[in-house]
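Engineer: So that we are looking at the same thing, I have put the structure below in structure tokens.
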Amino acid sequence: MRDRNTNGSEEPGQTVSGPLDLNLLRTFLTVYRTGSFTAAARLLGLSQPTVTTQIRTLERQLGRELFERRARGVTPAPYADELAARIVQPLDSLAMVAGPAGGAEDAPPEPVHLAGPAELLSRCVLPGLAPLVDKGVRLRITPGLTEPLLDDLRAGRHDLVIATFRPRGRTLTAVPLNDEEFVLVASPTWAQRLGAPASVAAALHGVPLVAYADDLPIVRRYWRHVFGRRLVRQPAVTMPDLNAVKAAVAGGAGFTVLPRYLCVEELRSGTLVLLHDPDDPPLNTSFLVQRPGTSGIPHVALVRDHLLQAARDW
């Protein structure tokens with residue numbers, strides 16, 4: 001037990017023996033999952049100062065710091081990951097038996113916050129998750145680039161992120177989701193003008209290039225992998241939206257490199273034409289990254305498992 005001073009309060013720096021208050025642990029787990037005292041307060045039906053006080057009380061009882069306060073939410077301290085892993089299943093099981101807090105027995109489960117590349121979300125992910133929505137799963141979808149989305153995941157703003165690369169470090173759990181193949185394409189008009197050149201790379205020298213960005217991240221990778229050389233040129237058109245790039249190329253603006261999943265229908269219909277078919281096309285592996293502390297949330301686990309299964313057919 002902590003020593004008490006003359007007014008009965010507990011001295012700092014000491015830990016309290018005995019069982020911990022389940023309400024404090026429930027508040028901790030909600031903050032851990034949401035990454036925010038404010039968001040946790042809203043879910044728990046408490047005021048933000050009450051949540052803050054409960055977390056500070058728990059920290060004093062444990063003698064450990066649980067969260068690092070930041071400008072946007074909080075980040076779990078190392079001990080918070082250990083504590084969450086120990087209590088998540090018992091508390092979630094208890095919550096399922098007791099029912100939703102506050103007696104709202106018909107309250108729906110919290111939405112699953114999923115983020116990833118806009119094109120993959122719209123072309124593959126959302127159609128594949130439709131059966132879960134029909135079963136009552138609520139989704140909050142955020143498109144974006146991998147690096148900032150992972151930062152938001154660490155801050156508790158997403159439950160799952162589809163990343164275009166494996167996150168660095170050991171704080172996030174990532175599993176391979178799918179391999180996307182990159183293809184070199186143009187409109188039928190440009191393909192006819194090019195014919196069957198001995199060197200595709202050389203023949204494309206005078207054809208306008210349509211790209212996602214000025215630094216040509218996808219096209220440069222294709223050139224290095226397939227042609228073994230560095231691409232040095234300026235794009236004629238850039239647009240940070242691969243669907244828009246695809247539309248421009250299909251309209252005759254030039255050539256580009258796209259993920260095959262994004263243009264498989266256009267290749268089948270002849271709206272786009274494959275300019276090169278290498279034996280070893282460049283591939284990029286995407287990863288499904290899950291926020292720590294969400295493994296015991298049934299709908300997050302349901303979305304995760306469904307994505308891993310559905311990705312086999314992308």
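The values are calculated or read from the model by the stated rules, or taken from the named source; none is laboratory data. It should be emphasised that the depicted structure is a prediction, and the values quoted were computed from it without experimental measurement. No Cβ is skipped: glycine too gets one built from the backbone with ideal geometry, and neighbour counts run over all protein chains shown. In case anyone asks, the SASA skips ligands and DNA or RNA and just uses the protein heavy atoms, side chains included. Shrake-Rupley method; radii C 1.70, N 1.55, O 1.52, S 1.80 Å.
Engineer: Residues that are surrounded by 21 or more Cβ atoms within 10 Å (Cβ to Cβ), on the phi < 0 side of the Ramachandran plot and touching a Cys at 6+ places or on another chain (Cβ under 9 Å): does segment 135-151 have at least one?
Structural biologist: no
Engineer: Give the residue that is surrounded by the fewest Cβ atoms within 10 Å (Cβ to Cβ), with candidates limited to residues of segment 275-294 that are closer than 17 Å to residue 191 by Cα and touching a strand residue (DSSP E or B) at 6+ places or on another chain (Cβ under 6 Å).
Structural biologist: Of everything passing the filter in segment 275-294, 276 is surrounded by the fewest Cβ atoms within 10 Å (Cβ to Cβ).
Engineer: Select, from 189, 171, the only residue that is of a type in the set (Val, Ile, Thr), touching an Asp or Glu at 6+ places or on another chain (Cβ under 9 Å) and open to solvent by 80 Å² or more (accessible area, probe 1.4 Å).
Structural biologist: Being of a type in the set (Val, Ile, Thr), touching an Asp or Glu at 6+ places or on another chain (Cβ under 9 Å) and open to solvent by 80 Å² or more (accessible area, probe 1.4 Å) holds for just one of 189, 171, which is 171.
Engineer: Taking helices (runs of 4 or more DSSP H) that fall entirely within segment 216-273, which contain at least 1 residues that are open to solvent by less than 30 Å² (accessible area, probe 1.4 Å) and of a type in the set (S, T, N, Q)?
Structural biologist: none
Engineer: List the residue pairs whose Cβ atoms are under 7 Å apart, where the first residue sits in segment 63-88 and is farther than 19 Å from residue 26 by Cβ, the second is surrounded by fewer than 15 Cβ atoms within 10 Å (Cβ to Cβ), and the two are 6 or more positions apart or on different chains.
Structural biologist: From segment 63-88, the pairs are 63/15; 75/68.
Engineer: Answer yes or no: is there a residue in segment 69-90 that is more than 22 Å from residue 160 (Cβ to Cβ), modelled with pLDDT of 80 or more, open to solvent by 70 Å² or more (accessible area, probe 1.4 Å) and among the hydroxyl-bearing types (Ser, Thr, Tyr).
Structural biologist: no
Engineer: I've got another one for you. Out of all the residues in segment 221-237, which are charged (D, E, K, R) and under 18 Å from residue 260 (Cβ atoms)?
Structural biologist: Residue satisfying the conditions is 221 alone.
Engineer: Counting only residues that are assigned to a helix (DSSP H, G or I), open to solvent by 70 Å² or more (accessible area, probe 1.4 Å) and either closer than 24 Å to residue 295 by Cβ or out of contact with any helix residue (DSSP H, G or I) (no Cβ under 8 Å at 6 or more places or on another chain) (or both), how many does segment 39-68 have?
Structural biologist: So the first thing to find is which residues in segment 39-68 are assigned to a helix (DSSP H, G or I), and the list is 39-44, 48-62.
Restricting the remaining residues to those that are open to solvent by 70 Å² or more (accessible area, probe 1.4 Å) gives 42-43, 48-49, 53, 56, 60.
Going one step further and asking which of them are either closer than 24 Å to residue 295 by Cβ or out of contact with any helix residue (DSSP H, G or I) (no Cβ under 8 Å at 6 or more places or on another chain) (or both), we end up with 42-43, 49, 53, 56, 60.
Total meeting the criteria: 6.
Engineer: Now, a different point. Among the residues in segment 284-296, are any among the basic types (Lys, Arg) and modelled with pLDDT under 95? Spell out how you get there, then give the answer.
Structural biologist: Of the residues in segment 284-296, the ones among the basic types (Lys, Arg) are 291.
Pick out the ones that are also modelled with pLDDT under 95 and you get 291.
Checked against the condition, which is being among the basic types (Lys, Arg) and modelled with pLDDT under 95, segment 284-296 yields at least one hit.
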